[in-house]
Amino acid sequence: MLLILAILPIVVTVGLGVFAGLRHQFAPTTSDILIQLVMHYALPLSLFGGILSLKRATIIQNSSVALWLALGMLGGMVIVIVSQCCFHQQLETGTLRALVIASPSIPFMGVSVLLVVFGKISVLLVALGGLYMNLVQVPVSVLLLTLAGGSTPEQRWRAGWQKLCRASRQPVVWAPISAFLLNLAGLRLPSAWLTNFTELGQAAGGVALFALGLLLTTRPWRLTRMVVLNVLLKNLGLPVLIWGLWLV
């Protein structure tokens, strides 16, 4: 029942976006604008305020969560790439597939789903997932794709470094990092000040999901066997594998 309560708002919000897109109530570029709003303002504000509102002891006590999340996202990416190489797939295909399977949809659905399941601590999961994705997964993928393109080692490292620098300048990256450092240094955000960050921050999940619905009506897509397999591996295969390792 709890899982239904967490997923149903997502289905409704994405459905409203699809409905609005099919009725052509928004310009085709609206989804891109809304995603920029989420990634540059709403989500960074939500993460910054949410992390500073947590107790420092809460963050320290959940350090194991950071390790398991890293194992799932980074270790999962390695597993997919290695398995693709074993089946003699091209490095470009294996890298892109690994990024699809091992990168959770945290910016879009993390805020909505995890808040219902885990409560206030969900902001910590969203922040960590976003950092792993932007600071490790994306730069590594750029390196591997550049490698597959037959470029020189200098070009590969330059491309990865440039991507890492660009990612570190994004608000969705430096905002949670700053909040982590301030929180661990002893700064705690009084509840009276939290609304300065939640007024726009609380809209992050809903706006992102609505933008996703719009996106589905403005971009061509096909439901293929590979897409279905990737979805199953992303939502069932990898989580079950990590859960099994945790039980061991």
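What size of dipole, in debye to the nearest 20, comes out for the chain about its Cα centre when the only charges are +1 on Lys and Arg C-beta atoms and -1 on Asp and Glu C-beta atoms?
80 debye
Of all the accessible heavy-atom surface of the chain, with the other protein chains kept in place and a 1.4 Å probe, what percent is carbon and sulfur?
Carbon and sulfur: 72 percent of the exposed surface of the chain.
Taking the Cα atoms of the stretch 1-59, report the difference between the largest and smallest coordinate on each principal axis, in whole Å and largest first.
Taking max minus min along each principal axis of the Cα atoms, the stretch 1-59 gives 49, 34, 10 Å.
Mind putting together the pair-distance distribution for the stretch 175-227? All Cα pairs, 10 Å bins, whole percent per bin, short to long.
18, 29, 23, 17, 13, 0
Any chance you could tell me what percent of the C-alpha pair distances in the stretch 47-114 go past 19 Å?
Counting pairs separated by more than 19 Å, the tail of P(r) holds 50 percent.
When ranked by the protection proxy of mean other Cβ atoms within 10 Å per residue, highest first, what sequence do the peptides 171-178, 234-241 form?
Descending mean neighbour count gives 171-178, 234-241.
Give the Cα extents of the stretch 131-248 along the principal axes, in whole Å, largest first.
Computed over the stretch 131-248, the largest-to-smallest principal extents equal 52, 44, 39 Å.
Considering only protein heavy atoms, what per residue accessible area in square angstrom results for the chain with a 1.4 angstrom probe?
Here the per-residue accessible area is 58 Å².
Return a whole-number percent for the relative contact order of the chain, with Cα pairs under 8 Å and 6 or more residues apart as the contact set.
41 percent
Given a cut-off of under 8 Å on Cα pairs at least six residues apart, what relative contact order in percent is computed for the stretch 119-248?
It comes to 17 percent, rounded to a whole number.
Run the helix sum for the chain: -39,500 (n - 2.57) per DSSP H stretch of 4+ residues, divided by residue count, reported at 222 nm to the nearest 500 deg cm²/dmol.
One gets -22500 deg cm²/dmol as the mean residue ellipticity at 222 nm.
Rg to Rh ratio, the chain, alpha-carbon atoms and Kirkwood radius?
0.97
Take the alpha-carbon centre of the stretch 57-74, take the same for the stretch 1-53, and report the distance between them in whole Å.
Centre-to-centre distance over Cα atoms comes out at 26 Å.
The values are calculated or read from the model by the stated rules, or taken from the named source; none is laboratory data. Not measured: the values here are computed from a predicted model. A quick note on method: Cβ atoms are made from the backbone with ideal geometry, for glycine too, and the neighbour counts reach across all protein chains shown. These area figures cover heavy atoms from the full protein model, side chains too; ligands, DNA and RNA do not enter into them. Shrake-Rupley method; radii C 1.70, N 1.55, O 1.52, S 1.80 Å.
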